[in-house]
Structures are given as structure tokens and as C-alpha cells.
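See structure below.
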Amino acid sequence: MKKFKIVLYDDAIIDFNKALDYYRDINPTVAKKFHSAINTTFNDLKKNPFYQIRYDNFRLKLVKKFPYLLHFIVDEKTKSIFIYGVRSSHQNPDTSYFLNE
């Protein structure tokens, strides 16, 4: 089975960098663990991206040991995973930029 490729949108990169900066301010070791957890989550998605659709065509994947969710859409034809956001699970979903698209 061919693995899926991951495509990060600019908003997802911005979200990730904000979260990484937040953890760096707390402790550089925690930031490294967060970065590693994100990479592990990406690798898990590449193998099996078919999580339950939560809204519109978006699926969510929790980052283990951190309160963050990847918001993504799967394109089966191109074997691509489009990641739109790396959002804190504590953020108010009503303020999500996804609702404005």
C-alpha cells in the first residue's frame, strides 16, 4: 500500500510555529517533544488518514500527549493529505478560520 503524502497549508505552518514558540517559552525540552509528536502524527497519517469526518470534509487527528488537533482533508486520487490547521483543542471552534472558507 502506497503511503500518502502530506501537504501543509500556510495556516497550518503558522499554527505549528505558534504552538512550538509557546512550548519553547515554557521549556525547550517540551518544545522538542511537541515537534517529535507532530512528526509521529504525520507518519501515522501517511499510513492511514481515514479518520472520521467531523465537519464538511475535514477529519481530525489528535497529537498524542499534547492538546492539539490536525484538521485535514484526504484526497484519495492523489494520495494526499491536506493539513489546514494545527489547532489547540482548547480553542473555541466558533472562531475557527475553517468556518469562513
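The values are calculated or read from the model by the stated rules, or taken from the named source; none is laboratory data. Just so it is clear, the model here is predicted, and its values are computed rather than measured. Methodologically, a virtual Cβ is constructed for each residue, glycine included, from the backbone with ideal geometry; neighbour enumeration extends over all protein chains shown.
The figures follow:
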| quantity | calculated |
| --- | --- |
| Within segment 11-50, considering residues that are β-branched (V, I, T) and more than 13 Å from the chain's Cα centre (by Cα), the one nearest to L69 (Cα to Cα) | V30 |
| Residues of segment 1-46 satisfying the condition of being modelled with pLDDT of 95 or more, surrounded by 12 or more Cβ atoms within 10 Å (Cβ to Cβ) and assigned to a loop (DSSP other than H, G, I, E, B) | F4, Y9 |
| Check on I83, among the hydrophobic types (A, V, I, L, M, F, W, C), modelled with pLDDT of 95 or more and in a helix (DSSP H, G or I) | no |
| Selection from segment 51-79 of residues that are in contact (Cβ under 8 Å) with a residue 24 or more places away in the chain and under 14 Å from the mean Cα position of the chain (by Cα) | F58, L62, V63, K64, K65, F66, Y68, L70, H71, F72, V74 |
| Every residue from segment 47-77 that is touching a strand residue (DSSP E or B) at 6+ places or on another chain (Cβ under 8 Å), basic (K, R) and either part of a helix (DSSP H, G or I) or within 17 Å of L8 (Cβ to Cβ) (or both) | R59, K61 |
